[in-house]
Amino acid sequence: MNNVKSITVKANANFALLKYWGKHDSYKNIPEMPSISLTVSDLTSTVTIGAHSKEREYYLNEKKIDKSTNDKWQKVITQFSNVSSVNKNIFINADNNFLTASGLASSASGIAALTGALNKYFKTDFDHQDLSRIARIGSASAARSIYGGFVELRNQKSGDYIDSYAKQIASVNHWPLSVLVCLTSHRKKKISSTDGMMKSKETSIIYDDWVDLSNKIIDEGRQAILNRDFLKLAELSELSCLFMHAVMMTTIPSLVYWNKKTIECIECIKELRGLGIPIFYTVDAGPHVKAICEPAYSDIALSALSSVIGDENILMSSVGEGLIYKQ
Ligand code: PMV
């Protein structure tokens, strides 16, 4: 037994504006290219960890999960349990307040919250950079959800050694933006990001061009955020999104995450832009569309996108915080 109190930590999802799709090292889970994301409010994972009387027991959205098959969690837990003298028999309850495993970044917020909670529970006292590095081992996008606001994940080379962790580019209050998450399906995604990326690297004829493009636009993307240059960020984000999906679609067998509603939402966003409204879209490894605009235009965007998928399928969000520790 140990006398450690249970710990609850929350983390928000993040959406990549400049995306990563492909691993340099699958064992260490190091991305092949840098990425930049926006941490969003209201799409939150909550993880509670406490002492268990005799074993380890894990729950996700109130369902018991098989420890041996949950490789992502296991890799992260080991980083703490191996270096701490706190009793390793623990229960973990993780809950997402939004769809799980459907391309809405639930693994990013989930693993980030898990990392923060383990750090407190095991009293390891790692700083945010260490936590980001550890979260990355579970899911690279989770490295970014440790921080709020605008975040960059990149590789750091020292001789032959490559490390990878995220840094905050700008805080939550730097640039108020609205994010409309358009849910175009309630199904789970057919192929995981990890498997999809591996196949893309092996088979997509444009994979090397994708790596080149991602490295080429990263400085401009960061600068667009620092300058609050909406049009530049819109141009680069859509380019990164479309190129990533082109890589997915040219993977053998082809990875098509979009559905009819995905395309209708994108068309609607393009029409709004044609009317002079500053808005852009991004889509991850799932069919959902995220529309990003300045808050003054969020009502117009909501009403236009509601006519495509219904307002019950739109989650309104904004720029969110990093790890949130609950007492
Ligand atoms: O790190 P993962 O396995 O959650 O993969 C994330 C992949 C994308 O969401 C499609 C892109 C990104 O950079 O978040």
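Rounded to the nearest 0.05, what FRET efficiency is calculated for Asp125 and His174 with R0 set to 30 Å and r the Cβ-Cβ distance? Before the final figure, lay out the partial values.
On the way: r = 28 Å, r/R0 = 0.94.
Working from the Cβ atoms, E equals 0.60.
With a 1.4 Å probe and all protein chains left in place, how much of the accessible area of region 178-317 comes from carbon and sulfur atoms, in whole percent? Don't jump to the answer; show the numbers that get you there.
On the way: 3710 of 6630 Å².
Result for region 178-317: 56 percent of the exposed heavy-atom area is carbon or sulfur.
Contour minus end-to-end for Ser307 and Ser192, with contour as 0.36 nm per residue of separation and end-to-end as the Cα-Cα distance?
Here the segment from Ser307 to Ser192 would lengthen by 38.3 nm.
Starting from the amide H of Val40, placed 1.01 Å from N in the peptide plane, find each other amide H under 5 Å away whose residue is 5 or more places distant or on another chain.
Ala13, Asn14, Phe15, Gly320
Calculate one ³J(HN,Hα) per residue across region 295-311 by plugging θ = phi - 60° into the Karplus curve 6.51 cos²θ - 1.76 cosθ + 1.60, and present them in order as whole Hz with x for glycine and proline.
x, 4, 9, 5, 5, 5, 5, 4, 5, 5, 6, 4, 6, 8, 10, x, 5
Once the convex hull of the C-alpha atoms of the chain is built, how many Å³ does it hold per residue, rounded to a whole number?
Considering the Cα atoms of the chain, their hull volume per residue is 133 Å³.
In whole Å, what is the distance between the alpha-carbon centres of region 50-81 and region 169-210?
First find each Cα centre; the distance between them is then 26 Å.
May I ask what percent, to the nearest 5, of DSSP beta bridges between residues of the chain are antiparallel?
95
Between Tyr59 and residues 5 or more places away or on another chain, which pairs have amide H atoms under 5 Å apart, with H built 1.01 Å from N, and which residues are they?
Under 5 Å from the amide H of Tyr59 lie the amide H atoms of Ile65, Ile92, Asn93, Ala94, each far enough along the sequence or on another chain.
What order do you get for 292-301, 129-138 when each peptide is scored by the mean count of other beta carbon atoms within 10 Å, highest first?
129-138, 292-301
Using only Cα atoms, tell me the angle between helix 193-203 and the longest principal axis of the chain; keep it within 0 to 90° and round to the nearest 10.
Long axis of 193-203 versus the principal axis of the chain: about 60 degrees.
Check Ser192: other-chain or 5+ apart residues with amide H under 5 Å from its amide H, H built from backbone geometry?
none
If you fit an axis through the alpha-carbon atoms of helix 260-274 and take the longest principal axis of the Cα set of the chain, what angle between them do you get, 0 to 90°, nearest 10?
Roughly 60 degrees, rounded to the nearest 10.
Using only Cα positions of region 178-317, each an equal point scatterer, no hydration layer, compute I(q)/I(0) via Debye at q = 0.10, 0.15, 0.18 Å⁻¹ and quote the log10 values to two decimals.
-0.36, -0.80, -1.07
Whenever you get a sec, compute what percent of the accessible area on region 1-119 sits on carbon and sulfur atoms (1.4 Å probe). Please report the intermediate quantities before stating the final value.
Numbers: 2170 of 4600 Å².
Percent of accessible area from carbon and sulfur atoms in region 1-119: 47.
What's the whole-number percent of alpha carbon pairs in region 8-61 lying beyond 17 angstrom?
On the way: 872 of 1431 pairs.
Distances greater than 17 Å cover 61 percent of the Cα pairs.
Enter the accessible area per residue of the chain (Å², integer; probe 1.4 Å; all protein chains in place).
Per residue, the chain has an accessible area of 44 Å².
Are there trypsin sites (Lys or Arg not before Pro) in region 10-70 that DSSP marks as loop and that have at most 15 other Cβ atoms within 10 Å, and which are they?
Sites meeting the loop and neighbour criteria: Lys28, Lys54, Arg56.
The values are calculated or read from the model by the stated rules, or taken from the named source; none is laboratory data. What you see is a predicted model; the values in this text were computed from it and never measured. Heads up, the Cβs are rebuilt from the backbone with ideal geometry, glycines too, and the neighbour counts pull from every protein chain shown. To get the accessible areas, we keep the full protein, side chains included, count just its heavy atoms, and leave off ligands, DNA and RNA. Shrake-Rupley method; radii C 1.70, N 1.55, O 1.52, S 1.80 Å.
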